[in-house]
Structures are given as structure tokens and as C-alpha cells.
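The values are calculated or read from the model by the stated rules, or taken from the named source; none is laboratory data. This structure is a prediction, so every number in the text was calculated from the model and none was measured. A quick note on method: Cβ atoms are made from the backbone with ideal geometry, for glycine too, and the neighbour counts reach across all protein chains shown. Calculation scope for accessible area: heavy atoms of the full protein, side chains included, ligands and nucleic acids excluded. Shrake-Rupley method; radii C 1.70, N 1.55, O 1.52, S 1.80 Å.
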Amino acid sequence: MARLEIHPEGTLSDVAAKILIINCGSSSLKFALLEGDAILAEGIFERLGLPEASARWRIGNDTATAEHPRANHERALAEAVALLEAHFGTPLPVNAVGHRVVHGGEFFSEAKLIDYEVIAKIESCRDLAPLHNPAHAIGIRIARKLFPSVPHVAVFDTAFHQTMPEHAWLYAVPYEMYKRYAVRRYGAHGTSHEHVARTAANALGRPIEELHLVTAHLGNGCSACAVREGKSVDTTMGLTPLEGLVMGTRSGDIDPNIIPYLRRVSGMPVEEIIEMLNHRSGLLGVSGVSNDMRAVVQAADEGYHRATLAIDLFCYRLAKGVLAMAAGLDRIDALVFTGGIGENNARVRARVLEFLQILKPEIDPDLNRAHGRESRGRITRDASGLLCMVVPTSEERAIAKQTAAFLKT
Ligand code: ADP
């Protein structure tokens, strides 16, 4: 059987353009250069601002690393461009620059050509993503100086979820909290959910407008999304990425009253409890082993009970999340796994389906072990009550595709 085509309809292949992707974090800068569907080069600068700042990158098949003590975002981007120019020519042949932006608030429901107004709106969402949005604005300003004559496009993690109906995004707290303080569900991983939903539709040979899908993005951060006829109608992440599923280090849903309770009984300040919920919970907190699913699985295989428990908690809560997403759909035409765990961990997928017996899934162990690679993503038997698929995500390709769309118009 044919291998799964990992790129959705209307791929980049027809666009002979080089797209530079920039993802500026608070202390990191990721970059990638794409041409069509090919990722020609990619790299990351980490620990920016610190003495141990460093870079690693791949250009073609060559990989390398370098120390860049105390480099800031500006120097990192200049270095990245210099690396690329050494290989691809000076000035770097780039037709457009795509910027990944974590939070677009309620301003953006799709990718946007960047101008001063867009930058101002990205900055105005800083309270919703204090670690990311200010860094994005810095990256955009630097990149516009370096590449002044090409379009720059902002691609938002939240944009895909702006189609959710009010009853899915509003919290049941006093309505003024939304009106005054913008407290609501925004979701995240939107670029990935949209990309894999379209790719799954392509693999199934059906128009996405006909499909009701649940997509499960399982990386370090994890979220599920209800994709109804190509539009997000619900998702598990909330105002911030802490809500929803169990993740590498995040707890996902908890009773908010745990916070004042813990403060009273343990004396921990609220800030420390919040830090614990974000950075020391999830797989790491329950297993005590690691936030990395590979290490947790290995510990479980060696008989360590808390590791098994962490995997079960992760899988059970995902199953619950899938069923919650079903409330926004008429049926589930396919459950789509993606992200580092979703794409590579057959054991997790099998365990999730054990917790979804109500939907009568029939896993095909061989297809599941092969991660659906020889079956256009499918990992369940033909007779299964629930079709399950594995679809690789590619944030870079998805951002490049959305950026390239501005070149065609
Ligand atoms: P991020 O969210 O940072 O992009 P990834 O999508 O790479 O992260 O997902 C990281 C998770 O994926 C880790 O828990 C890791 O254990 C898991 N993972 C990545 N590759 C594999 C693999 N080959 N086998 C099993 N798990 C994997």
C-alpha cells in the first residue's frame, strides 16, 4: 500500500519559493529554510543572554554546533542568516519570512501579513503569553530589518481555534471576567491541529468539509481538538497551555482549589505551586523519572510502578479528552495521533484505545507498530468502530505553506 503523503492538499511543491521560518522564544531562536516541501536547513539558538548560549543546526545533511556566549536574539538571527548565506549565497535568497506567534488573542483568526498594526496587536497580547509574545515582536522587528523587501507573515498558534463557538470557549465565571480581562479559552497547537486534520483528509481521499475529526497533538505539550468540517470547534487547552491533558511536565486539569489548599497545608507560596503545576507535574511529577515518554516507558518496562501509573494517567486522561471533544461533533470519522509521542509511541496509542472501548476501536497491532507508515496512517482494522490514524505533524511546513500563500496573491 502507498505510504502516507504527509503533506495536505495544495502543498508547497508548486511554489518555487524559499521561505525562512523564525520562531523566537524568550531565550531561544529557532529557524528553518524551506523550499517547497523540503526543509533545506534548520537550527536553534538556546540560552540566549547567558554565558552558555549556543547553537546547533543542520544544513542539508551536515550538522554542527557553536558557542555564542551572551548572544541575544539580534546576534542569533544575524548568525543564523550568516550560516545560511555561507551555504545558499549572499544575500540569502528568501522570498518570504514566516514568524510563528504563540498568541493572537481574539485579533487573529488566520495568518496575517505583518505591518505595524499587526506587531502592535501581537505586543498587546503580552499578558496572555508573557514569555513568548514580546520575544516574537523582537524577532519580527529584527527580521524585517534584515529582509526589508520580502513579505513577513505571522502564523498564530491560537488562530485555528478562533472558530470555536461561544459555549466552547467561555468559562463559567462571571461574564465581566471575559469582558474586562479577556479570560476565555484560546487553545494552542492550532497550526499542528489544522495541518494534521488536512493531511488526514488527504490521506483518506475525502474533502475535509465532510469530516468530523479528533486530533491529538502529543509532544511535550499535549492537546486534543475537535475539527468539524475543517474548523476547530473545541480544544482541551485553555487561556494558557496548562489546561487539559496530562503533559510532560504540566498537570493538565486540576481542581483550582488545590492551589489555596496546598498553600495552607504546605506553606508553599502560590507562585511555587503554579511553577510546580507547569514544570514539575505531568509525566515527570507522577513517575518521578522524566518528562520524556521514552524514559518513562523504559522505567515501566523495568517494572517501576509509578512509571506505569504515569503512562496510564496520561492515556486515560487523553481518552477522556477525546470523548469530551466528541461533544462538539456528530461522529468521530477519525482519531488522529500526532506529535513526538503520538507519532512514535505505539504503546501509548494502544493504551489510549483500551480506555476508549466505548467507541469499539479495533487496533491492528502490526499497523500500529509500523506507526501507520505503510497504510496511509491507518492503525486500526477495517472493521474497527473507530478509525485511528497516525499523521506526522510539521509545524515548519505548515507555517511555510501559510506564508507562501501570501506570495500567490
Ligand atoms: P515538542 O512538543 O517539544 O515539539 P515532540 O513533539 O518532539 O516535542 O515530543 C516530545 C515527546 O515525544 C517526548 O515525550 C518523547 O519521549 C516523545 N518521542 C519523541 N520521539 C520518540 C520516539 N522515537 N519514540 C517514542 N517517543 C518519542
**Report entry** Packing-based order for 230-239, 136-145, using average beta carbon neighbours within 10 Å, highest first
**Finding:** 230-239, 136-145
**Report entry** Per DSSP, loop GluC sites (Glu not before Pro) in the stretch 64-137 with at most 16 further Cβ within 10 Å
**Finding:** 106, 110
Report task. Taking only protein heavy atoms into account and a 1.4 Å probe, give the accessible area per residue of the stretch 107-237 in Å². Result -> 42
Query raised in the report: Which FRET efficiency, nearest 0.05, do residue 56 and residue 116 yield, Cβ-Cβ r, R0 41 Å?
Result: 0.75
Requested in this report: Can you send over the carbon and sulfur percentage of the accessible area for the chain, probe radius 1.4 Å, protein chains only?
Outcome: 52
Query - Anchor residue 360: lysines whose Cα lies under 30 Å away (excluding residues fewer than 8 positions away in-chain) - result: 231, 320
Query raised in the report: How much accessible area per residue does the stretch 325-381 have, in Å², with a 1.4 Å probe?
Result: 44
Requested in this report: Name the helices (complete DSSP H segments) of the chain with a Cα length along the long axis of 18 Å or more and a Kyte-Doolittle mean of at least 0.5, or state none.
Outcome: 305-326
Query raised in the report: Summing -39500 (n - 2.57) over the DSSP H runs of n ≥ 4 in the chain and dividing by its residue number, what mean residue ellipticity at 222 nm do you reach, to the nearest 500 deg cm²/dmol?
Result: -11000 deg cm²/dmol
Report task. Find the accessible area per residue for the stretch 267-322; the probe is 1.4 Å, ligands and nucleic acids are left out, and the unit is Å². Result -> 50
Query raised in the report: Between residue 327 and residue 149, what is the FRET efficiency for a Förster distance of 41 Å, r being their Cβ-Cβ separation, to the nearest 0.05?
Result: 0.25
Report task. Treating cross-link reach as a plain straight distance, find the lysines whose alpha-carbon is under 30 Å from the alpha-carbon of residue 145, omitting any fewer than eight places away in the same chain. Result -> 18, 30, 112, 121, 401, 408
Report summary line: Given the candidates 134, 104, 60, the one whose Cα lies deepest towards the positive end of the charge dipole of the stretch 1-159, counting +1 at each Lys or Arg C-beta and -1 at each Asp or Glu C-beta, is 134
**Report entry** Cα-centred dipole magnitude for the chain, charges only on beta-carbon of K, R (+1) and D, E (-1), debye, nearest 20
**Finding:** 300
Query raised in the report: Gaussian network model of the chain, Cα springs within a sub-10 Å range: biggest mean-square fluctuation belongs to which of 327, 307, 80?
Result: 327
Report task. Decide, for the chain, between rounded, prolate and oblate: order the square roots of the alpha carbon gyration tensor eigenvalues as a ≥ b ≥ c, take rounded if a/c falls under 1.5, and otherwise choose prolate if a/b is larger than b/c, else oblate. Result -> rounded
Requested in this report: Compute the distance in nm between two label points, each set 7 Å from the Cα along the Cα-to-Cβ direction, one at residue 182 and one at residue 240.
Outcome: 1.5
Requested in this report: Could you work out which residue, out of 63, 158, 249, moves most in a Gaussian network model of the chain, that is, has the largest mean-square fluctuation with Cα springs under 10 Å?
Outcome: 63
